[in-house]
1. Under 6 Å between Cβ atoms, which residue pairs at least 6 apart in sequence (or on different chains) link something in segment 149-162 that is farther than 10 Å from Pro71 by Cα with a partner that is open to solvent by less than 90 Å² (accessible area, probe 1.4 Å)?
2. Go through segment 25-62 and give me each residue that's open to solvent by less than 20 Å² (accessible area, probe 1.4 Å) and not in a strand (DSSP E or B).
3. Can you say whether Gly73 is closer than 20 Å to Asp159 by Cα and surrounded by fewer than 20 Cβ atoms within 10 Å (Cβ to Cβ), as far as the supplied structure shows?
4. Which residue, of Ala148, Ala166, Ala120, is closer than 27 Å to Gly23 by Cβ, among the aliphatic types (A, V, I, L, M) and either at pLDDT 90 or above or buried (at least 16 other Cβ atoms within 10 Å of the Cβ) (or both)?
5. Against the definition (surrounded by 13 or more Cβ atoms within 10 Å (Cβ to Cβ), at pLDDT 90 or above and over 27 Å from Ala148 (Cα atoms)), how does Glu65 come out, yes or no?
6. How many residues are among the β-branched types (Val, Ile, Thr) and either over 13 Å from Cys47 (Cα atoms) or open to solvent by 60 Å² or more (accessible area, probe 1.4 Å) (or both) if we restrict to segment 123-145?
7. Pull up segment 83-130, narrow it to residues that are charged (D, E, K, R) and in contact with a helix residue (DSSP H, G or I) (Cβ under 6 Å, 6 or more places away or on another chain), then point me to the one that is farthest from Ile35 (Cα to Cα).
8. Does any residue of segment 2-9 turn out to be at positive phi and under 20 Å from the mean Cα position of the chain (by Cα)?
Amino acid sequence: GPDGPETPQDLLDFFKKHEATDGLMVKHAIPELDISLDEFRGGTRQCDLMISGELNQSPVVLGIEAKVDEPFGQVLGKYVIQKEEGSSKVPIRVDRLLKGLLGCSLSPELAGLRYQLIHATAGILIYAGKQNATLAVSIIHVFHTHLADTKKMEQNESDYIQFASALSGIPMESLRSE
């Protein structure tokens with residue numbers, strides 16, 4: 001457009017399909033936004049695309065993570081155990097992120113979650129807080145291509161459903177799409 005790039009119509013159509021985002025007016029988008037998670041070395045989260053907008057005269061943020069078939073990071077339980085052996089602050093970060101998102105520490109039920117999903121969601125919420133947003137949305141945009149590994153994509157879907165179940169309390173079976 002004359003004032004800069006326009007929001008893709010597919011994205012606007014996506015917003016219209018969901019009650020929580022219907023009527024969203026996009027103000028600006030920032031690619032590869034670094035969000036500080038904590039004071040420790042490596043404590044930033046890079047959001048592939050952060051959208052700031054307005055809905056019903058209230059600030060809103062939407063973080064988009066783009067994927068093909070790469071995994072959502074390491075499995076939380078194994079990652080924490082691996083990092084506990086050194087001087088890494090990852091175990092402290094994971095504990096803080098889990099307490100902030102789910103209200104609890106790492107447990108056997110949460111050990112199978114993927115780190116990037118926890119990290120990304122927390123980053124979006126932190127950014128939303130700094131923007132005084134009344135709504136924060138995390139979007140995982142999956143690119144389907146003939147070059148993608150179907151088994152890896154299926155694993156990602158399973159990992160995402162497990163995360164969504166932990167976050168929402170809805171049983172995994174109810175979240176699966178057919």
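The values are calculated or read from the model by the stated rules, or taken from the named source; none is laboratory data. These figures come from a predicted structure and were not determined experimentally. FYI the Cβ positions are ideal-geometry reconstructions off the backbone, even for glycines, and counts take in every protein chain you see. Just so you know, the surface numbers come from the protein's heavy atoms only, side chains and all, with ligands and any DNA or RNA stripped out. Shrake-Rupley method; radii C 1.70, N 1.55, O 1.52, S 1.80 Å.
1. Close Cβ pairs (under 6 Å, with a partner that is open to solvent by less than 90 Å² (accessible area, probe 1.4 Å)) amount to Asp149/Asp69; Ile161/Met172; Ile161/Leu175.
2. Selection gives Gly43 alone.
3. Numbers: closer than 20 Å to Asp159 by Cα: yes; surrounded by fewer than 20 Cβ atoms within 10 Å (Cβ to Cβ): yes.
Spelling it out, Gly73 is indeed closer than 20 Å to Asp159 by Cα and surrounded by fewer than 20 Cβ atoms within 10 Å (Cβ to Cβ).
4. On the way: Ala148 fails: closer than 27 Å to Gly23 by Cβ; Ala166 fails: closer than 27 Å to Gly23 by Cβ.
Answer to the selection: Ala120.
5. Working: surrounded by 13 or more Cβ atoms within 10 Å (Cβ to Cβ): yes; at pLDDT 90 or above: yes; over 27 Å from Ala148 (Cα atoms): no.
No, not satisfied.
6. Result for segment 123-145: 3.
7. Among those that are charged (D, E, K, R) and in contact with a helix residue (DSSP H, G or I) (Cβ under 6 Å, 6 or more places away or on another chain), it is Glu84.
8. Quick first cut of segment 2-9, residues at positive phi only: 4.
Subset that is under 20 Å from the mean Cα position of the chain (by Cα): none.
No, the conditions are met nowhere in segment 2-9.
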